[in-house]
Each structure stands twice: as C-alpha cells, then as structure tokens.
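Data block below; observations after.
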Protein chains: 2
Amino acid sequence: MNGSPETPDTHGYAKGIARRAAIVAVATEFFGRVGYRGATMLQIAAACGISRAGLLHHFPTKESLLEAVLTDRDRANRVRLPADHDGPDDGLVALRKLVEVVQLNSTVPAIINLYSVLSAEAGDPAHPAHDHFVRRYVASRADIQGSLEHARRHGHLAEGVDPATTAIELIALMDGLQVQWLLAPDVVDMAGVLRRRIELALTVPLDRG
Amino acid sequence: MNGSPETPDTHGYAKGIARRAAIVAVATEFFGRVGYRGATMLQIAAACGISRAGLLHHFPTKESLLEAVLTDRDRANRVRLPADHDGPDDGLVALRKLVEVVQLNSTVPAIINLYSVLSAEAGDPAHPAHDHFVRRYVASRADIQGSLEHARRHGHLAEGVDPATTAIELIALMDGLQVQWLLAPDVVDMAGVLRRRIELALTVPLDRG
C-alpha cells in the first residue's frame, strides 16, 4: 500500500482478514470446550454472530476451519532461532522459550486438551489433520534440533548429547506432560520437568541465555 | 474347586469368563481400528458372532466395555517390582521391562493410537474413561517411582535424580513418543529414546539388570 489512501477493496480485504481471525478465535475456544467432533459449524457461526452461509464463505468445511485453528496455534507456539542467530546464547534463548510456552499453555487446559486429542487422533492417516501434524512435527524437530546444534557450536551442550534424538525426546516429553497434567494438575509441573530435562543436556544454566 | 468334578454351574461360569475375554479381544481390535466413538455395540456383537442382547448381558454399556478393554490392556502393560523385591537388580529389571513393553507396543499401532486418543480425551473430566486414567497414572507413577527408589537403594541411580519427578518424566516420555511415532514411524525409535533416557539416570548399564 505504501501509504496510499485505502481503497474500498483493501478496506474489504482488511475486514475479511479481521472477520477470519475472529472466527478462528471463536472456533479455537469452541473446539477446546466441546471437542472437534462435538462442535458444529452452525453453533460456531451463531457464536460468531454470522449465518452458516457467512461462515462457509470463509471456511467451506469444518476440516478447513480446523486447519486454520491449528496453523494459528502453531504460529503462536513455534519457537525457533532468530533469523540472524549470531548471538552466542541464541540457542539457549530458544530452548528457554520452550519452557515459557509450556508455562503459558498451563493457563489454557481446554486448548491443551484439544491439542492432545487432535495430535493423537491424527496418528490415523485417515484423520483430516494427519498431514498437518506430520508436517508440524517435522518442523518442530528441525526447530529444536537447530537450537541444540547452535548450543553445541557455542560449547553449551553436554558431551554425548545428540541434537536430533534430543529434539525427538523433548517434543515427546512436552506432549506426554500435557496428557498427564490434564489428569493430575496438582502433581505434574510441566514447565519444571521440561526445564530440568533441558538443563541435564546443557553445560551452562538455562537462564543464562 | 480343589479338584472336585466340574458342576454345571462352574462350567457355565468358565464359559462366561471365556466369552467375556473373547468380547474384550474383539472390542480392543475394533476400538483400535475405528476408534471408540466410531465403533457401535451392534458391530462388536456381530464380530463376536452373538446378538446385541448377548453382548449387553456381559457389558450393559459401551463405557463398561471400554473400561474392560483398558483394564485388560493395563494389566498386560503394567511393570512393577516383584512382590519379593529383594534382589539387588530388581529395580533395574523393572526399568528394563518398560523398554521391552514399549518395544512390543511398536508392533500394534492401532492399539497405541487408541490408547493415545483415549488418554488424551480422558483429560476432560466428563469423559467416561477419566477416572480410569486418573487411577492408572497414579498407579504408573507409584510403580516406576518404586523401581527407581529400589535402584537408588542399591547405588544404581545417578546423583541428583529424583525418583518422583523422574517417574513423571518417563511416563510423559512414553506417552509422547507414541503420538510422535504414529506420525513418523521411520524417524522415531520409541524404545531407543526411552532406553537412553533411563540410562542417563543410572550409574550402571540397564542391561545388567
């Protein structure tokens, strides 16, 4: 736009973006509360204050709405090295952010529940979110492996720690902690367990980053 | 029975037990293939070669059948110290058995999928398997903590390893590995990752046990 006055078209476009974001927010809340299978497009449309046809204009199927909810959530949760990762502690910072995301997630149990159920259901190749989760885990492993390799280059990784295997392990730990925490929130300290596991792989304190 | 001849009553009882076990086996396979929600009592009855009424005689509700499937599976998968755990390596043996159970589970993806989905769904207190999973995790944590404490008493646990927290971590790791393995079976070596994590907590090789 380069500062040019807003045309009716760009105004409509911006409105469309805002409407889409509002629908995704409502759907996230809805899926978290009554489950993906339990929620209907009609209920979600009503909660957004629009007609079913209006909702279908933005998301023609419930699957496409699910995909948008997941992509939105992944974007918010994704932790990776900054593009210009030339600071010696950038790997540590990215690893510490993982702990912060887990800490933040412990304030939204319904979303955690949704995510746990969907990632488990998606193990079935016929599930509408299967490909999404396959791609998501490939990206997560690459992100965390990258952070660990960065830490290694700066002497922050303990001897014998393999970045690829440790990335798989940390992701599995985060996923499993969510399931267990939902069943025993007073016993399971998700962020604390993850933090100690990461520190076990380091030669320096995590908080140094 | 004390070797007394079989009466018609005990014969009927034994037949009932066998029939019940056959139903649970069929239901396990069914839930694993089409999901708990996707399976109907009518389909399960047909697959067992009995009427719906015959099935309801043994399991009045789908929830009660689910409970039996889960209890059966937990019994097969439960790993704990032998009752007379006075061998110095009994803790190590129990920890090694965890790895063996995970190895065995990697031959039954449909069951793993079922278990992952149900344990995640059960995070919702309104889910019919919620109480089952709450109890199951309490028992699992106690079992593994017991094995780790046994290892500690015999000098097999590394310094600074807390048995209670490590039990939570190992269970979370096993659960999360299942989800990730279903999505990337060629990348995720469930048993290998678990084995290395356990060995990190020990002062002796796991295979010594």
Check: So is A:GLY49 on the phi > 0 side of the Ramachandran plot and either loosely packed, with under 13 Cβ neighbours inside 10 Å or over 21 Å from the mean Cα position of the chain (by Cα) (or both) or not?
Finding: yes
Item checked: Members of region A:189-201 found to be in a helix (DSSP H, G or I) and open to solvent by less than 20 Å² (accessible area, probe 1.4 Å), listed by number -> A:MET190, A:ALA191, A:GLY192, A:VAL193, A:LEU194, A:ARG197, A:ILE198
Notebook entry, point to check: When region A:59-87 is examined, which residues are found to be part of a helix (DSSP H, G or I) and either open to solvent by 50 Å² or more (accessible area, probe 1.4 Å) or modelled with pLDDT under 90 (or both)?
Noted result: A:GLU63, A:LEU66, A:GLU67, A:VAL69, A:LEU70, A:THR71, A:ASP72, A:ARG73, A:ASP74, A:ARG75, A:ALA76, A:ASN77
Item checked: Residue tally, condition under 24 Å from the mean Cα position of the chain (by Cα) and either of a type in the set (A, V, I, L, M) or over 27 Å from B:ALA122 (Cβ atoms) (or both), over region A:17-46 -> 15
Check: If you check A:VAL161, A:VAL204, which single one turns out to be at the interface with chain B (Cβ under 10 Å from one of its Cβ atoms) and open to solvent by less than 60 Å² (accessible area, probe 1.4 Å)?
Finding: A:VAL161
Check: Applying the selection to region A:88-113, what residues are open to solvent by 80 Å² or more (accessible area, probe 1.4 Å) and polar (S, T, N, Q)?
Finding: A:GLN103, A:THR107
Check: Of (1) open to solvent by 40 Å² or more (accessible area, probe 1.4 Å); (2) under 28 Å from A:LEU182 (Cβ atoms); (3) not in a helix (DSSP H, G or I), B:TYR36 satisfies all except one. Which?
Finding: (1)
Next item on the list: Of the conditions (1) in a loop (DSSP other than H, G, I, E, B); (2) at the interface with chain B (Cβ under 9 Å from one of its Cβ atoms); (3) not hydrophobic (A, V, I, L, M, F, W, C), A:HIS127 clears all except one; give me its number.
Entry: (2)
Next item on the list: Answer yes or no as to whether B:ALA151 is under 26 Å from A:ALA184 (Cα atoms), touching a residue at least 12 places away in the same chain (Cβ under 8 Å) and surrounded by fewer than 17 Cβ atoms within 10 Å (Cβ to Cβ).
Entry: no
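Filter region B:163-179 for residues that are within 11 Å of A:LEU177 (Cβ to Cβ) and either outside any helix (DSSP H, G or I) or of a type outside the set (A, V, I, L, M, F, W, C) (or both) and give the result.
From region B:163-179, those within 11 Å of A:LEU177 (Cβ to Cβ) are B:168-169, B:171-173, B:175-176; that's our starting set.
Listed by number, the residues that qualify are B:GLU169, B:ASP175, B:GLY176.
Tell me which residues, restricted to region A:100-119, are away from every other protein chain (no Cβ under 14 Å) and assigned to a helix (DSSP H, G or I).
Scanning region A:100-119 gives A:GLU100, A:VAL101, A:GLN103, A:LEU104.
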Margin query: Exactly one of these conditions fails for A:ILE50: (1) assigned to a helix (DSSP H, G or I); (2) touching a Lys or Arg at 6+ places or on another chain (Cβ under 9 Å). Give me its number.
Written below: (1)
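The values are calculated or read from the model by the stated rules, or taken from the named source; none is laboratory data. Small disclaimer: the values here were computed from a predicted structure and weren't measured. Cβ atoms come from the backbone with ideal geometry, glycine included; neighbour counts cover every protein chain shown. Ligands, DNA and RNA are stripped out before the accessible areas are found, and what is left, the full protein with its side chains, is counted by its heavy atoms. Shrake-Rupley method; radii C 1.70, N 1.55, O 1.52, S 1.80 Å.
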